[in-house]
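Worksheet: one structure, shown below.
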Amino acid sequence: MKPRQEQEEDEERLRQRKLEESLEIKSLRRIISAYLNYPEAAEEDVKRYERSFRKLPPSHKGLLSHYPLKFQRLRRCISINSYFIFSMLQAFEPPLDMSQDIDDCGELHFERPPNDGNVCSHESTTARGSCSKLDEACCGEPSNVMSKLAEGLTAIEEMQIEGCHGSDAGSCLAGEENNKMAAECCGNHVSDSNGNVPSSPRDWLDPSFQLHVPLVDVDKVRCVIRNIVRDWAAEGQKERDQCYKPILEELNSLFPSLCNKSPPTCLVPGAGLGRLALEISCLGFVSQGNEFSYYMMICSSFILNQTQNAGEWTIYPWIHSNCNSLSDSDQLRPVSFPDIHPASAGITEGFSMCGGDFVEVYSDPSQVGVWDAVVTCFFIDTAHNIVEYIEIISRILKDGGVWINLGPLLYHFADMYGQEDEMSIELSLEDVKCVAFHYGFEVEKEKTIETTYTTNPRSMMQNRYFAAFWTMRKKSAAAEKHST
């Protein structure tokens with residue numbers, strides 16, 4: 001029989017595990033609710049447009065007689081976006097029991113977002129560590145890119161989807177029908193352009209489990225839709241060429257003779273929807289993407305695991321803003337994805353995605369000196385403490401390993417008014433490089449690259465970054481000692 005003190009310690013650990021699990025369920029339930037609230041929030045936008053239109057004098061309405069048809073077309077676009085979202089959620093296998101009672105952890109407070117607050121911060125403006133390794137067999141099976149995550153950890157499991165194709169303006173949903181769709185967020189009235197509806201929803205998608213979340217949460221869903229264009233649509237190729245191509249070319253030049261028997265390893269923190277990590281894998285690296293946001297992880301797993309063909313899905317990513325549009329047809333244009341079939345892209349065995357906070361996951365002693373390369377793209381400014389990020393990158397790289405970075409310094413936790421406890425260390429580029437030098441890095445290449453981030457290429461407004469691009473190499477311990 002265990003001593004009383006050990007029993008109490010075991011009970012405390014069990015209580016902590018239950019508390020953490022309950023908090024994780026709350027966070028995941030809120031994120032799923034944000035996805036489920038998408039059609040209702042989008043419908044409210046259309047109703048607002050209609051109210052403004054009705055206030056016009058008759059002579060002005062006459063000049064805009066096409067607007068009622070545009071509103072119906074918007075509703076049709078919302079319906080098709082919702083079809084994709086609900087199909088994705090119905091395929092999602094939650095890693096935890098979403099129906100369990102979590103009231104013992106207190107009420108949800110929505111003044112602050114869950115741990116996914118940075119999902120779209122580069123546009124203007126989460127899960128504990130939980131790595132998932134790919135099954136070795138999956139590399140030979142084109143329909144399965146990512147395996148299930150390790151049991152008991154925050155996970156995105158394998159999913160299945162059915163195709164969805166674009167629509168024309170003549171097949172618009174009537175407003176009343178779309179209102180029903182928006183009200184029944186479990187998806188019973190959401191259809192694609194062929195009238196298909198998703199299969200029966202899972203129990204945890206029942207409206208009784210749905211939360212009413214702030215609009216800022218639904219905005220993150222819209223951000224994910226735009227990120228699909230950036231990573232997985234032909235329309236995003238120009239932006240990928242600006243951001244990903246320099247990184248891929250640099251990796252190719254640094255590792256010219258890749259060996260299939262012993263391929264180099266590359267970590268991609270802040271992997272988003274996974275395209276860059278996949279492209280690196282296709283170069284011949286054992287590539288691992290790391291992502292903190294559940295919003296991103298649910299969608300990336302869906303695209304990586306379940307798409308059967310290129311161009312299988314269609315979304316309307318630009319419908320949520322009427323500003324800076326050249327024409328209605330530009331605003332309402334469809335975008336098909338993925339532009340490639342991920343599982344047929346030629347990935348290297350060992351490709352994986354790891355869900356969790358970069359600091360928590362890669363501070364583990366098992367990560368020391370593991371990686372030949374670390375690639376950060378629009379990532380380092382997501383830190384509360386960028387010095388800690390740089391320290392960890394140095395620690396996990398092998399001696400002589402390379403750090404390739406591309407991105408701005410738009411610190412995500414800067415200007416968090418009313419949240420005095422939110423730490424944010426905001427260094428200049430000069431100071432970032434000085435910190436890197438301290439942790440044993442030396443610059444091999446450095447330049448500025450002009451790029452955009454999830455920007456509508458046909459918009460009248462184009463936000464551009466002059467992003468810092470560099471290759472730094474971690475000096476060996478002997479070389480660093482000699483230099484000092």
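The values are calculated or read from the model by the stated rules, or taken from the named source; none is laboratory data. These numbers come from a predicted model, not from an experiment. Quick reminder, even Gly has a Cβ in these numbers, built from the backbone with ideal geometry, and neighbours come from all protein chains shown. Accessible surface is based on the protein model in full, side chains and every heavy atom, while ligands, DNA and RNA are left aside. Shrake-Rupley method; radii C 1.70, N 1.55, O 1.52, S 1.80 Å.
Conditions tested, residue by residue: (1) of a type outside the set (Ser, Thr, Tyr); (2) part of a helix (DSSP H, G or I); (3) out of contact with any Phe, Trp or Tyr (no Cβ under 7 Å at 6 or more places or on another chain); (4) modelled with pLDDT under 95.
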{"residue": "Glu24", "(1), (2), (3), (4)": "yes, yes, yes, yes"}
{"residue": "Val46", "(1), (2), (3), (4)": "yes, yes, no, no"}
{"residue": "Ser52", "(1), (2), (3), (4)": "no, yes, yes, no"}
{"residue": "Gln72", "(1), (2), (3), (4)": "yes, yes, yes, no"}
**Report entry** Members of the stretch 206-235 found to be at pLDDT below 95, of a type in the set (D, E, K, R) and surrounded by 19 or more Cβ atoms within 10 Å (Cβ to Cβ), listed by number
**Finding:** Asp217
**Report entry** For Cys77: the one exception among (1) loosely packed, with under 15 Cβ neighbours inside 10 Å; (2) at pLDDT 95 or above
**Finding:** (1)
Query raised in the report: Conditions: (1) more than 23 Å from the chain's Cα centre (by Cα); (2) on the phi < 0 side of the Ramachandran plot; (3) of a type outside the set (Lys, Arg). Phe379 meets all but one. Number of the miss?
Result: (1)
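Can you tell me which residue within the stretch 89-108, out of those that are open to solvent by less than 50 Å² (accessible area, probe 1.4 Å) and within 25 Å of the chain's Cα centre (by Cα), is modelled with the highest pLDDT?
Result: Leu89.
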Query raised in the report: Is there any pair linking a residue in the stretch 345-356 that is over 10 Å from Val286 (Cβ atoms) to one that is of a type in the set (A, V, I, L, M) and open to solvent by 30 Å² or more (accessible area, probe 1.4 Å), with Cβ under 9 Å and at least six apart or on different chains, and which?
Result: Gly355/Leu153; Gly356/Leu153
Report summary line: In the set Val374, Val370, Val387, the lone residue that is modelled with pLDDT of 95 or more and buried (at least 23 other Cβ atoms within 10 Å of the Cβ) is Val374
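Looking for something within 25 Å of the chain's Cα centre (by Cα) and open to solvent by less than 80 Å² (accessible area, probe 1.4 Å) - is there at least one such residue anywhere in the stretch 429-436?
no
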Query raised in the report: Any idea which of (1) under 21 Å from Pro264 (Cα atoms); (2) in contact with a Phe, Trp or Tyr (Cβ under 9 Å, 6 or more places away or on another chain) is the one Leu410 doesn't satisfy?
Result: (1)
Report task. Identify the single condition in (1) open to solvent by 30 Å² or more (accessible area, probe 1.4 Å); (2) within 27 Å of Ile396 (Cα to Cα); (3) of a type outside the set (A, V, I, L, M, F, W, C) that Lys238 does not satisfy, given that it satisfies every other one. Result -> (2)
Report task. Would you mind stating whether Pro68 is open to solvent by 10 Å² or more (accessible area, probe 1.4 Å) and at pLDDT below 95? Result -> no
Query raised in the report: Can you tell me which residue in the stretch 304-347 is farthest from Thr455 (Cα to Cα), limited to those that are in contact with a strand residue (DSSP E or B) (Cβ under 6 Å, 6 or more places away or on another chain) and not hydrophobic (A, V, I, L, M, F, W, C)?
Result: Gly311
Report task. Please list, ordered by first then second residue, the pairs with beta carbon atoms under 9 Å, 6 or more apart or interchain, first in the stretch 224-248 and within 25 Å of Leu267 (Cβ to Cβ) and aromatic (Phe, Trp, Tyr), second open to solvent by 20 Å² or more (accessible area, probe 1.4 Å) and part of a loop (DSSP other than H, G, I, E, B). Result -> Trp232/Asp339; Trp232/Ile340
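Matching residues to (1) within 22 Å of Asn290 (Cα to Cα); (2) open to solvent by 60 Å² or more (accessible area, probe 1.4 Å):
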site	(1), (2)
Ile380	yes, no
Ile393	yes, no
Phe413	yes, no
Glu444	no, yes
Thr451	no, no
Asn456	no, no
Met460	no, yes
Lys474	yes, no
